[in-house]
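In what follows, a structure is listed as structure tokens, so that the remarks can point back to it.
Any read-out appearing in this document is the output of simple, stated calculations on the displayed coordinates, not a laboratory observation. Just so it is clear, the model here is predicted, and its values are computed rather than measured. Note that each Cβ is placed from the backbone with ideal geometry, even for glycine, and that neighbours are counted across all protein chains shown.
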Amino acid sequence: MTMMNQRVLLTARPSGIPQAEHFTIATAPVPEPGDGEFLVRNCYLGVEPAQRGWASAVANYSQPVPLGSPMRGFGAGVVIASRHEDAKVGDRLVGLFGWQSHALSRGDDVINRIEGREHKLSAYLGVLGISGITAYFGLLDIGRPKAGETVLVSTAAGAVGSAVGQIARLKGCRTIGIAGGPVKAAICRDEFRFDEALDYKAAGFEERLAAACGAGVDVYYDNTSGRISDAVLAHLNVGARVVICGTASVASWDPWPQGPRVERRLLVKRASMAGFLVTDYAARYAEAIAQLSRWVASGELRYREEVLDGIESAPDAIAGLYRGENLGRRVIRLCDESEVAAGRA
Ligand SMILES: NC(=O)c1ccc[n+]([C@@H]2O[C@H](COP(=O)([O-])OP(=O)(O)OC[C@H]3O[C@@H](n4cnc5c(N)ncnc54)[C@H](OP(=O)(O)O)[C@@H]3O)[C@@H](O)[C@H]2O)c1
């Protein structure tokens, strides 16, 4: 029987956040690897806020996903056939394999060849994957936190934010997390050990923020932009560093949103603000993964993941992130590694 590839195609162009109706699930025969290619069976797919940008018509740091193609996305899976000298059947890989059950690769879309069995495969999409790596380099290279400083992060209960807070804590910083709703704020405090956690959706956010930031903010790791940033930027310390990592609160860039002018705040506090893109650090991913793996193994770095079951959950999954539904790193489970090994998937 012909093996079928289940694919989540981008079939309509969203003007803002991609919704379920912008995708179609379709099947096609699984391709055979040619010379220099191998075939990956994706066990997990990652769901990224960045997929909003990838689905839009506007080229940003990467080209728009062509209509009718599988949605660009990370996958974690196992090599099931290979005509590539560096990939053998059974290898566990993470890469930009697309939202599909089976992906042909020449190796250039691989971001990690997983060694060892200490951590579960799905973790390599999150805390030991693009989320953890983003937190690691964004905080340490751009934020440059020093012991005793205050580090504040938005989307603090999420995949990147929770790792930022904990890495800052490991560096001896005081940590403040901002998240949406009382459940997420409690998770930030109790599970991710933030010194302070603030629910930005509850009344009196600006006043509570001012109280929590009594000593000022030295590093603001900004995952949201918008009204959270407008409030936080009023509390920068002299020499503060602002890491612009994400803009989760901005629903659309057309029309371009207007906000408070930040120049005066940066000038008065001699603060700096820098954009950060994790792919600029591709040559150093292994260094981050090694350190993150040690922290996870020792229990110093905790993580949460939220597993959606089956490819049918993919079309609505990005919109769900922007509704703030996810409690932890959102991934989609397609099959277990054991099923692949047994030839059942
Ligand atoms: N620059 C890079 O290279 C890079 C790489 C990876 C990720 N990122 C960025 O890092 C950020 C976090 O990504 P993640 O993968 O860890 O996702 P995540 O935090 O696990 O999930 C996204 C979260 O965004 C928050 N959010 C959604 N709409 C919002 C709104 N209107 N206002 C405020 N918050 C809102 C929600 O948290 P609440 O319920 O708490 O609001 C939601 O759970 C995103 O901005 C992403 O684009 C950047």
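What single numbered condition from (1) part of a helix (DSSP H, G or I); (2) within 15 Å of the ligand (Cβ to nearest atom) fails to hold for S249?
(1)
Does segment 147-158 hold any residues that are on the phi > 0 side of the Ramachandran plot and either more than 10 Å from the ligand (Cβ to nearest atom) or charged (D, E, K, R) (or both), and which are they?
G148
Would you be able to tell me the number of residues in segment 144-157 that are under 17 Å from T247 (Cβ atoms) and in contact (Cβ under 8 Å) with a residue 60 or more places away in the chain?
Total meeting the criteria: 4.
Answer yes or no: is there a residue in segment 202-213 that is more than 16 Å from the ligand (Cβ to nearest atom), among the charged types (D, E, K, R) and either in a helix (DSSP H, G or I) or under 20 Å from the mean Cα position of the chain (by Cα) (or both).
Looking for residues that are more than 16 Å from the ligand (Cβ to nearest atom), among the charged types (D, E, K, R) and either in a helix (DSSP H, G or I) or under 20 Å from the mean Cα position of the chain (by Cα) (or both), one finds at least one in segment 202-213, hence yes.
All but one of (1) within 16 Å of the ligand (Cβ to nearest atom); (2) more than 18 Å from the chain's Cα centre (by Cα); (3) in a loop (DSSP other than H, G, I, E, B) hold for V232, so report the exception by its number.
Result: V232 fails condition (3) only.
With respect to G161, determine if the residue is near the ligand (Cβ under 10 Å from one of its atoms), under 19 Å from the mean Cα position of the chain (by Cα) and in contact (Cβ under 8 Å) with a residue 12 or more places away in the chain.
Here the answer is yes, as G161 does meet what is asked.
Being part of a strand (DSSP E or B) and not aromatic (F, W, Y) is true for just one of L93, L128, L139. Which residue is that?
After applying the criteria, what remains is L93.
Give all pairs with beta carbons closer than 9 Å in which a residue from segment 249-274 that is more than 17 Å from V219 (Cα to Cα) meets a residue that is acidic (D, E); count only pairs at least 6 apart in sequence or on separate chains.
From segment 249-274, the pairs are G259/D230; P260/D230.
Regarding segment 171-185, can at least one residue be identified that is among the β-branched types (V, I, T), within 12 Å of the ligand (Cβ to nearest atom), more than 12 Å from L139 (Cβ to Cβ) and assigned to a strand (DSSP E or B)?
So far as segment 171-185 goes, yes, one or more of its residues are among the β-branched types (V, I, T), within 12 Å of the ligand (Cβ to nearest atom), more than 12 Å from L139 (Cβ to Cβ) and assigned to a strand (DSSP E or B).
Could you grab me the full set of residues in segment 302-335 that are near the ligand (Cβ under 10 Å from one of its atoms) and not in a helix (DSSP H, G or I)?
Across segment 302-335, the qualifying residues are R304, E305, E306, R323, G324, E325, N326, L327, G328, R329, R330.
Test of understanding: among G275, G324, which residue is within 23 Å of the chain's Cα centre (by Cα) and either under 30 Å from D108 (Cβ atoms) or loosely packed, with under 14 Cβ neighbours inside 10 Å (or both)?
Exactly one residue qualifies, and that residue is G275.
Count, please, the residues in segment 269-284 that happen to be in a loop (DSSP other than H, G, I, E, B) and either within 13 Å of the ligand (Cβ to nearest atom) or within 15 Å of L128 (Cα to Cα) (or both). Can you show your working first?
Residues of segment 269-284 in a loop (DSSP other than H, G, I, E, B): 269-271, 276-277.
Then drop every residue that is not either within 13 Å of the ligand (Cβ to nearest atom) or within 15 Å of L128 (Cα to Cα) (or both), which leaves 276-277.
Qualifying residue count for the region: 2.
Starting from segment 174-186, take each residue that is touching a residue at least 60 places away in the same chain (Cβ under 8 Å) and list its partners that are near the ligand (Cβ under 9 Å from one of its atoms) and not aliphatic (A, V, I, L, M), counting only C-beta distances under 6 angstrom and pairs at least six apart or across chains.
So the pair list comes out as G180/K201; G180/G324; G181/D199; G181/K201.
Given the conditions (1) in a loop (DSSP other than H, G, I, E, B); (2) surrounded by fewer than 19 Cβ atoms within 10 Å (Cβ to Cβ); (3) more than 12 Å from the ligand (Cβ to nearest atom); (4) over 19 Å from the mean Cα position of the chain (by Cα), which single one is not true for H119?
Answer for H119: the failing condition is (4).
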